[in-house]
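I have placed the structure first, in the form of structure tokens, so that the comments after it can refer back to it.
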Amino acid sequence: MLGIKQLGKEEIVSILDRAAYWESYPKKVTDVLQGKFVANMFFENSTRTRFSFEVAEKRLGAEVLNFSAAASSVEKGESIYDTVRTLESMGIDAGVIRMKPIGLLAELAQKIKVPLINAGDGNNEHPTQALLDFYTMRKVFGEFKGLTVSIIGDVLHSRVARSNVYGLTKLGAKVKFCAPVNMQAPELAEYADYVSIDEALQSDVVMMLRVQLERHAGGMIKSAEEYREHYGLTVERMQRMKPHAIIMHPAPVNRNVEIDDELVEHEKSKIFTQMSHGVPIRMAVVERALV
Ligand code: CP
């Protein structure tokens, strides 16, 4: 599972269907992956993705190894390749990887024999986040055909925006981007147009992106207040959304920057629902890799 770009529509739908099976599964733990070892290798920080993969793997009955770069020989200069190769040599059956470098995962997949799952690579892709986003949208709206999704904010640095736009356009939804000029990604122009914030608010799904300050070279936004004024989902803007429309955000959120504090748990917001869907989606993805 390197990215959504490599998946066909039928494959995406089959993962969503399998996630629905796992979401309604009556037992907390199964033995589907009994005797299988899965390593979660996070070379970049994470809360939601790391823990929901771990919960998913444990619910499937797998043995779980958690690797944290900060407490490993990466600190002594060991490369990502040597680290993954080391765990492979110890007999892991699959690896879940998050890292900063773009393109390295595809290289690793050529050299490493066990299945690898992308848990976010730089600003390239975050396929399991997009799958849980699709799952959330399908649960609310039933189908993708005719659905409009606005992705608002730091598109340039967002692997979530990329995986979402690749998948949503395959599934039949219409995507619009809204971003300051210095946060637009020209290479995505073939998938979606950039629109004003007022037009972006008129979609069925208003997906806000985190301002990724850790990926900025510096000076991309003048201030949090100014960003909120021009591109933030404020309470006033939320009141101009369609009555049936929903708010999404991959989280973590910068409260009162890209989204007002009061909206994070508003009745229109699916932010914590998205997080809960991370577990059945990742159960479906890990199972797909190993069964
Ligand atoms: N949405 C997401 O990927 O969150 P984490 O960085 O906490 O995993």
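Observations, loosely collected:
- When residues in region 82-99 are screened for being surrounded by 14 or more Cβ atoms within 10 Å (Cβ to Cβ) and outside any helix (DSSP H, G or I), 8 of them pass.
- Test for Ala161: is it closer than 13 Å to Gln274 by Cα and touching a residue at least 40 places away in the same chain (Cβ under 8 Å): no
Condition check ((1) touching a residue at least 24 places away in the same chain (Cβ under 8 Å); (2) in contact with a helix residue (DSSP H, G or I) (Cβ under 7 Å, 6 or more places away or on another chain); (3) not β-branched (Val, Ile, Thr)) across all residues:
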{"residue": "Thr169", "(1), (2), (3)": "no, no, no"}
{"residue": "Ala179", "(1), (2), (3)": "yes, yes, yes"}
{"residue": "Leu188", "(1), (2), (3)": "yes, yes, yes"}
{"residue": "Met220", "(1), (2), (3)": "yes, yes, yes"}
{"residue": "Ala224", "(1), (2), (3)": "yes, no, yes"}
{"residue": "Lys242", "(1), (2), (3)": "yes, no, yes"}
{"residue": "His249", "(1), (2), (3)": "yes, yes, yes"}
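- Output for region 226-240, where each listed residue is open to solvent by 20 Å² or more (accessible area, probe 1.4 Å), outside any loop (DSSP other than H, G, I, E, B) and touching a residue at least 40 places away in the same chain (Cβ under 8 Å): His230, Tyr231, Arg237
- Filter result (more than 16 Å from the ligand (Cβ to nearest atom) and closer than 15 Å to Ile97 by Cα) within region 1-60: Leu2, Phe37, Val38, Ala39
Let's see how each residue does on (1) assigned to a helix (DSSP H, G or I); (2) closer than 15 Å to Ile117 by Cβ; (3) modelled with pLDDT of 95 or more:
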site	(1), (2), (3)
Ile15	yes, yes, yes
Thr30	no, no, yes
Leu33	no, yes, yes
Ser52	yes, yes, yes
Phe67	no, yes, no
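- Members of region 106-123 that are open to solvent by less than 50 Å² (accessible area, probe 1.4 Å) and assigned to a loop (DSSP other than H, G, I, E, B): Ile112, Val114, Pro115, Gly122, Asn123
The values are calculated or read from the model by the stated rules, or taken from the named source; none is laboratory data. Everything quoted here is computed from the prediction, not taken from an experiment. Every residue, glycine as well, gets a Cβ built from its backbone with ideal geometry; the counts of neighbours run over all protein chains shown. We work out accessible area using only protein heavy atoms, side chains counted, and drop any ligands, DNA or RNA first. Shrake-Rupley method; radii C 1.70, N 1.55, O 1.52, S 1.80 Å.
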